[in-house]
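First up is the structure itself, then whatever we jot down about it.
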Amino acid sequence: MTETILTNARLIDPEADTVFTGSLTLCDGIITNISRSTEPVEGGLDCRGKCLAPGIVDIGVKVCEPGERHKESFRSAGRAAAAGGVTTIVTRADTLPSIDTPETLEFATRRAAQDSPVRIAPMAALTKGRAGREMVEIGFLLDAGAVAFSDGDAVCTDTKVLSRAFTYARSLGALVISHPQDPGLSHGAAVTSGKFASLRGLPAVSPMAERMGLDRDIALVEMTGVRYHADQITTRRALPALARAKQNGFDITAGTSIHHLTLNLLDVGEYRTFFKIKPPLRSENDRLAVVEAVAEGLIDTISSMHTPQDEESKRLPFEEAASGAVGLETMLPAAMRLLHAELLTLPQLFRAMSLNPARRLGLPGGRLAPGAPADLVLFDPDAPFVLDRFNLRSKSKNTPFDGQRMQGRVLGTWVGGNRVYDSAA
Amino acid sequence: MTFRARHLLGIEPLHPIEITTLLDLADEYVSLNRASVKHSDVLKGLTQINMFFENSTRTQASFELAGKRLGADVMNMSMQASSIKKGETLVDTALTLNAMHPDLLVVRHPHSGAVDLLAQKVNCAVLNAGDGRHEHPTQALLDALTIRRAKGRLHRLNIAICGDIAHSRVARSNILLLGKMENRIRLVGPPTLVPSGAEDWGVEVYDDMAEGLRDCDVVMMLRLQKERMDGGFIPSEREYYHRFGLDAEKLAVARPDAIVMHPGPMNRGVEIDGTIADDINRSVIQEQVEMGVAVRMAAMDLLARNLRAEVSDG
């Protein structure tokens, strides 16, 4: 039983909504003590006034195992997560093949245990092959460790199938994560509709498609009583519907992605495919409305929506190029943009990145309290750097932040008390 | 020298002075094309490759003739039939071609932005002959030249662009060009065929021909693609012709000297009445084709001059 004491740290407690200078003791993988003492401790690790927060719990990370290990493996994703202050990766089921049986889920869990320095919490598909026709073995998959069920961006078009899956999931208390989007309206779209899309001549989707998708899902939640989380809410017009559903007492939460919080549709510029994501980047008005919704707590979680794509999938005409951006390593520095713009505070950010995702999935992390797992990130919110995508640890380098000036560097990451990343090493 | 562009990818990056420079030079080429000996050597020794990933007869012929009249070595490649079918990516195709050292690459592609992508990967000058729904700059330039010659000016005109604007790269390039030259632009069409956000382009939007064409100096009709005619965007061909097809009655509200334009190929009896199209007092559709060759000669001449300047600068 060895004790580690991290001293002279700015401790960010999202639960209490406070930031204070003090020290934190960890032992046997859990946090054992937190004190406001600023006295130096013999043998303690001096954090030099940098920020210490509960590690990020990232819902919706794509690790391309099985199927596309050349894009991302559990080893590379785990190392990227550690370097980004992400201590729990909640993996998506949109692999090849989909994670839709206990056997494929066990394969992923086993690979993760062998190779990943951070915790992995797997999601399973909601329907077989994410095809929206037959539900998966929700019971067996829960037993195998699935923390949630989601078909990702494959929106189920058959509401009868979906209502049955929701009803069945409800009976087992399973959490369903859905991608709110009207499938007809969004079919074939590459960008959000409006002046920019029309000038570029790109197929576009109205932001209203998100509201329509959410409205449908909310009706099904009301009908079935399932525990529901919307993976990405990115538009102003979807927010009143979400607020009403929460007021009505439905078991509903919502997330958004770090890219939708920090970029807008004009960033696509001259057909830059690294800015092609799903749902597409939105207008500046939408971005600001969604940031405000995070501040108010209407939107509960922020994810990286880490989606690795190789050069070949992106070096194509915009319409043909694959969607998605990597985000594990850039999530924290990007989030610091919101801090420095004085739009969100550090406790607000870590409430959305760590505390709320852990709570929603029933995981013990995300807190800075005695008894909580020692999953921690130490970072300097002010340290400036210019991002070079080829320095990323992800196998795929498709970040929209390439070449951009960022502020905020991860200095160290601990998972279960073990230091899995040290920027000085 | 007031034409600085390295490529002609669209109207958007062009300055009004560059547009005027190009049109002035094109005027000279109109004279050359009407002479008995239609030949010049300004592109002698240069290689022009026409790469069409989408069907085209008229534009490709126009570019081919323009290159040949200026003395370039011209090669046509129909890309639907070749390596694309074998799974080669656009960038690989570009690199392969680049290794053959062309000087001028004329490209048409069904996807918006594809020609920009290709231009980033090659060393030669690239001319966009139409990319998806994005731009078709030489069409807008030839339309501008036609208007300037018919009206004696290219500013302060009321210009109506009518029909399927949403799917039209011709419309986009024309809106950009005619806007840069300070004309008043109206878009007229059923709302399903007018792009969303068009009101923010500094244009007026109408869904009624009688209002949209009132006092216009120029009426520019667009082609309605066959595959868009049934049910999806408009209820039927006959309802479209009734409401948006250009006939004498609808044209009567425009200025008496208004000209009628169409980028071709026309669907007679769908977007335009045959007698209007053939009326030599109103229709400048044949002139547009003639101006097309001259404008493409001017564009390639100017880009080749810039290429040579680049080489001599080291």
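The values are calculated or read from the model by the stated rules, or taken from the named source; none is laboratory data. Worth saying up front: this structure is predicted, and the values here are computed from it rather than measured. FYI the Cβ positions are ideal-geometry reconstructions off the backbone, even for glycines, and counts take in every protein chain you see.
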Exercise. Taking the stretch A:290-317 only, how many residues are part of a helix (DSSP H, G or I) and either in contact with an Asp or Glu (Cβ under 6 Å, 6 or more places away or on another chain) or within 14 Å of chain B (Cβ to nearest Cβ) (or both)?
Worked result: 4
Seminar exercise, completed: If we keep only residues of the stretch A:295-305 that are closer than 25 Å to residue A:392 by Cβ and aliphatic (A, V, I, L, M), then the residue surrounded by the most Cβ atoms within 10 Å (Cβ to Cβ) is A:302
Problem set entry | Leading residue by the ranking (farthest from the other protein chains (Cβ to nearest Cβ)) among those in the stretch A:187-223 that are buried (at least 21 other Cβ atoms within 10 Å of the Cβ) and in contact with a Pro (Cβ under 6 Å, 6 or more places away or on another chain) | A:217
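Please find, within the stretch B:114-146, the residue that is farthest from the other protein chains (Cβ to nearest Cβ) out of those that are of a type in the set (S, T, N, Q) and touching a residue at least 12 places away in the same chain (Cβ under 8 Å).
B:146
Can you tell me which residues in the stretch A:194-244 are among the polar types (S, T, N, Q) and over 25 Å from the mean Cα position of the chain (by Cα)?
The initial filter retains those residues of the stretch A:194-244 that are among the polar types (S, T, N, Q), namely A:198, A:206, A:224, A:232, A:234-235.
A:198, A:224 - these are the residues of the stretch A:194-244 that are among the polar types (S, T, N, Q) and over 25 Å from the mean Cα position of the chain (by Cα).
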Seminar exercise, completed: All conditions in (1) under 19 Å from residue A:255 (Cα atoms); (2) within 14 Å of chain B (Cβ to nearest Cβ) are true of residue A:184 except (1)
For this session: Give just the number: which of (1) of a type in the set (D, E, K, R); (2) on the phi > 0 side of the Ramachandran plot; (3) assigned to a helix (DSSP H, G or I) does residue A:48 not satisfy?
Result: (3)
Problem set entry | Residue count for the stretch A:368-424, restricted to those that are in contact with a Phe, Trp or Tyr (Cβ under 6 Å, 6 or more places away or on another chain), crowded, with 20+ Cβ neighbours inside 10 Å, of a type in the set (A, V, I, L, M, F, W, C) and farther than 23 Å from residue A:2 by Cα | 1
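Okay, residues lined up against (1) modelled with pLDDT under 95; (2) among the aromatic types (Phe, Trp, Tyr); (3) in contact with a helix residue (DSSP H, G or I) (Cβ under 8 Å, 6 or more places away or on another chain); (4) surrounded by fewer than 23 Cβ atoms within 10 Å (Cβ to Cβ):
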residue: A:250; (1), (2), (3), (4): no, yes, yes, yes
residue: A:274; (1), (2), (3), (4): no, yes, yes, yes
residue: A:288; (1), (2), (3), (4): no, no, no, yes
residue: A:292; (1), (2), (3), (4): no, no, no, yes
residue: A:307; (1), (2), (3), (4): no, no, no, no
residue: A:311; (1), (2), (3), (4): yes, no, no, yes
residue: A:333; (1), (2), (3), (4): no, no, no, no
residue: A:348; (1), (2), (3), (4): no, no, yes, yes
residue: A:357; (1), (2), (3), (4): no, no, no, no
Seminar exercise, completed: Quick count over the stretch B:201-224, residues being of a type in the set (Val, Ile, Thr), within 14 Å of chain A (Cβ to nearest Cβ) and under 21 Å from the mean Cα position of the chain (by Cα), is 1
Exercise. Can residue A:233 be described as away from chain B (no Cβ under 14 Å), touching a residue at least 24 places away in the same chain (Cβ under 8 Å) and part of a helix (DSSP H, G or I)?
Worked result: no
Problem set entry | Failed item, numbered, when residue A:320 is tested on (1) modelled with pLDDT of 95 or more; (2) part of a loop (DSSP other than H, G, I, E, B) | (1)
Exercise. What number goes with the only condition from (1) within 19 Å of residue A:379 (Cβ to Cβ); (2) of a type outside the set (A, V, I, L, M); (3) without any contact (Cβ under 8 Å) to a residue 60 or more places away in the chain that residue A:100 does not pass?
Worked result: (1)
For this session: With the condition kept exactly as written, say whether any residue in the stretch B:89-101 is within 29 Å of residue A:194 (Cβ to Cβ) and away from chain A (no Cβ under 14 Å).
Result: no
For this session: Considering only the stretch B:174-200, state which residues are in a helix (DSSP H, G or I) and either over 19 Å from the mean Cα position of the chain (by Cα) or more than 10 Å from chain A (Cβ to nearest Cβ) (or both).
Result: B:174, B:177, B:178, B:179, B:180, B:191, B:192, B:193, B:198, B:199, B:200
Seminar exercise, completed: For residue B:139, the lone unmet condition from (1) touching a Pro at 6+ places or on another chain (Cβ under 7 Å); (2) over 14 Å from residue B:261 (Cα atoms) is (2)
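Anything in the stretch B:147-168 that is within 14 Å of chain A (Cβ to nearest Cβ) and buried (at least 24 other Cβ atoms within 10 Å of the Cβ)? List them, or say none.
Once the filter is applied, which keeps residues that are within 14 Å of chain A (Cβ to nearest Cβ) and buried (at least 24 other Cβ atoms within 10 Å of the Cβ), the stretch B:147-168 yields B:161, B:164, B:165, B:168.
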For this session: Please indicate, with yes or no, whether at least one residue in the stretch A:55-68 is buried (at least 24 other Cβ atoms within 10 Å of the Cβ), farther than 15 Å from residue A:306 by Cβ and either without any contact (Cβ under 8 Å) to a residue 40 or more places away in the chain or hydrophobic (A, V, I, L, M, F, W, C) (or both).
Result: no
Exercise. Among the residues of the stretch A:253-277 satisfying the criterion of being away from every other protein chain (no Cβ under 11 Å) and among the β-branched types (Val, Ile, Thr), which is nearest to residue B:118 (Cα to Cα)?
Worked result: A:277
Seminar exercise, completed: Of the residues in the stretch B:102-113 that are within 22 Å of the chain's Cα centre (by Cα) and away from chain A (no Cβ under 13 Å), the one that is surrounded by the fewest Cβ atoms within 10 Å (Cβ to Cβ) is B:103
Exercise. Quick one: which of B:298, B:252, B:304, B:258 is at pLDDT 95 or above and in contact with a Phe, Trp or Tyr (Cβ under 6 Å, 6 or more places away or on another chain)?
Worked result: B:298
Exercise. Out of (1) modelled with pLDDT of 95 or more; (2) outside any helix (DSSP H, G or I), the odd one out for residue A:76 is which?
Worked result: (2)
Exercise. Of the residues that make up the stretch A:163-171, is at least one surrounded by fewer than 18 Cβ atoms within 10 Å (Cβ to Cβ), within 14 Å of chain B (Cβ to nearest Cβ) and free of Cβ contacts under 8 Å to residues at least 60 places away in the same chain?
Worked result: no
Problem set entry | Output for the stretch A:357-385, where each listed residue is part of a loop (DSSP other than H, G, I, E, B) and without any contact (Cβ under 8 Å) to a residue 24 or more places away in the chain | A:364
Seminar exercise, completed: Selection over the stretch A:323-356 where residues are within 19 Å of residue A:299 (Cβ to Cβ), in contact with a Gly (Cβ under 9 Å, 6 or more places away or on another chain) and not in a loop (DSSP other than H, G, I, E, B) yields a count of 15
Seminar exercise, completed: Given the conditions (1) surrounded by 15 or more Cβ atoms within 10 Å (Cβ to Cβ); (2) within 30 Å of residue B:181 (Cα to Cα), every one holds for residue B:58 apart from (1)
Problem set entry | Filter result for the condition that a residue is at pLDDT below 95 and either outside any strand (DSSP E or B) or touching a strand residue (DSSP E or B) at 6+ places or on another chain (Cβ under 6 Å) (or both), over B:126, B:74, B:122, B:106 | B:122
